[in-house]
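Here the structure comes first, spelled out in structure tokens, and everything after it is commentary.
The values are calculated or read from the model by the stated rules, or taken from the named source; none is laboratory data. Keep in mind it's a predicted model, so treat the numbers as computed, not measured. For neighbour counting, all protein chains shown are included, and Cβ atoms are generated from backbone atoms with ideal geometry for every residue, glycine included. Only protein heavy atoms, including side chains, enter the accessible area calculation; ligands, DNA and RNA are left aside. Shrake-Rupley method; radii C 1.70, N 1.55, O 1.52, S 1.80 Å.
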Amino acid sequence: MKPVNIGIIGLGTVGSGVVNLLHRNAEEISRRAGRNIVVTQAVVRDLGLARDCPTHRFSLTNNPYDVTDHPDIDIVIELVGGIEVAKDVTYRSLENGKHVVTANK
């Protein structure tokens, strides 16, 4: 069965924690979901910074529309601070038929 592909927008403290949790619990999550859950791409502000999670399994970009417009990404997880970027990527993801998970209030 096709995996669920995830794009994460924001790989700071929360985003890195999400990646670590998904990686650490991948087997149990896949068992419960009946499909593999795969982070395929993440958006960061600075491509040169070290991260608190392994990033070798997915690609990094500094353009959020690479994730929102990617045809193979099923779920976008929005984990950036502020209002404008979060709102823009959420709306654009929904317009592209993607499911969205957000940490914004």
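Observations, loosely collected:
- Within region 20-48, restricting attention to residues that are closer than 15 Å to I8 by Cβ and assigned to a loop (DSSP other than H, G, I, E, B), the residue that is least open to solvent (accessible area, probe 1.4 Å) is V44.
- Single unsatisfied condition, G17 versus (1) touching a strand residue (DSSP E or B) at 6+ places or on another chain (Cβ under 9 Å); (2) open to solvent by less than 80 Å² (accessible area, probe 1.4 Å); (3) not aliphatic (A, V, I, L, M): (1)
- Residue that is nearest to R45 (Cα to Cα) [pool: residues in region 61-85 that are of a type in the set (A, V, I, L, M) and open to solvent by less than 60 Å² (accessible area, probe 1.4 Å)]: V80
- Of the residues making up region 48-67, those that are under 16 Å from V18 (Cβ atoms) and out of contact with any strand residue (DSSP E or B) (no Cβ under 8 Å at 6 or more places or on another chain) are R51, D52, C53, P54.
- Here D88 meets each of (1) surrounded by 13 or more Cβ atoms within 10 Å (Cβ to Cβ); (2) more than 18 Å from A103 (Cβ to Cβ) with one exception, condition (2).
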